[in-house]
Structure formats: structure tokens, C-alpha cells
Amino acid sequence: MKLSESVKPISYLKAHASEILRDVTNNKKTMVITQNGEAKVVLQDVKIYEEMQESLALLKILALSTKSKNMKKYKPVESSFDDIRKKIKKEKPE
């Protein structure tokens, strides 16, 4: 979907709010609302928004992992699991 095809002025939003919400929700569309010819807000289905936020979080984790790797701030997986096992044993009530 091209975002440029879903640009509407705020006056259209005011006059067709329920229709726009239905369209955005049912068709998983994203709309740009303009004011005085300038893009001001984006309307998006909440599920699409949540998926986008999850994707951004995963990309951030990936970027941080790459940064850590490049800075050589990591340890072997065996060592990590050993540390986790030690922590679990320490916290486990006997």
C-alpha cells in the first residue's frame, strides 16, 4: 500500500471519522491526516501499530547485539549458561 494514496485533509477526517476508522481497522490501512497542506498525524490500526513496535524492539536488540559483538563485549554461551545455573542454585531455597 502506498501511503501517498491515503492522505486526507483534517476536514475529511471531521466529516467522515467513523468511515475512516472502519476503513483503517478493517483493511489494516494507514492514513496520513494533513492540516494546512502539511502532514500532521498518522492513523493506524492498533494491531499494526503493536506489530511495528515489536519489530522495532527486535531490531533494537539486534543492533545492540551487533554493537556488543563489534566491541568484543560478549562471552561464550557455555559461560553464560554456567552463570545462570549458579544464580538459580543460589536463589533456590533448600
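Okay, residues lined up against (1) in contact with a helix residue (DSSP H, G or I) (Cβ under 8 Å, 6 or more places away or on another chain); (2) more than 19 Å from Leu3 (Cα to Cα); (3) not hydrophobic (A, V, I, L, M, F, W, C):
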{"site": "Glu19", "(1), (2), (3)": "no, no, yes"}
{"site": "Asn36", "(1), (2), (3)": "no, no, yes"}
{"site": "Ala63", "(1), (2), (3)": "no, yes, no"}
{"site": "Lys67", "(1), (2), (3)": "no, yes, yes"}
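Hey, among the residues in the stretch 55-74 that are surrounded by 10 or more Cβ atoms within 10 Å (Cβ to Cβ) and among the charged types (D, E, K, R), which one's modelled with the highest pLDDT?
Lys60
Could you grab the pairs with beta carbons closer than 7 Å, sequence gap of 6+ or different chains, first residue in the stretch 14-39 and at pLDDT 95 or above, second one exposed (fewer than 14 other Cβ atoms within 10 Å of the Cβ) and outside any strand (DSSP E or B)?
As it stands, the answer is Val32/Leu3; Ile33/Ile10; Thr34/Ile10; Gln35/Ile10, since those pairs meet every condition given.
The values are calculated or read from the model by the stated rules, or taken from the named source; none is laboratory data. Model, not experiment: these values are computed from the prediction. When we count neighbours, we look across all protein chains shown, and the Cβ atoms used for this are built from the backbone with ideal geometry, even at glycine.
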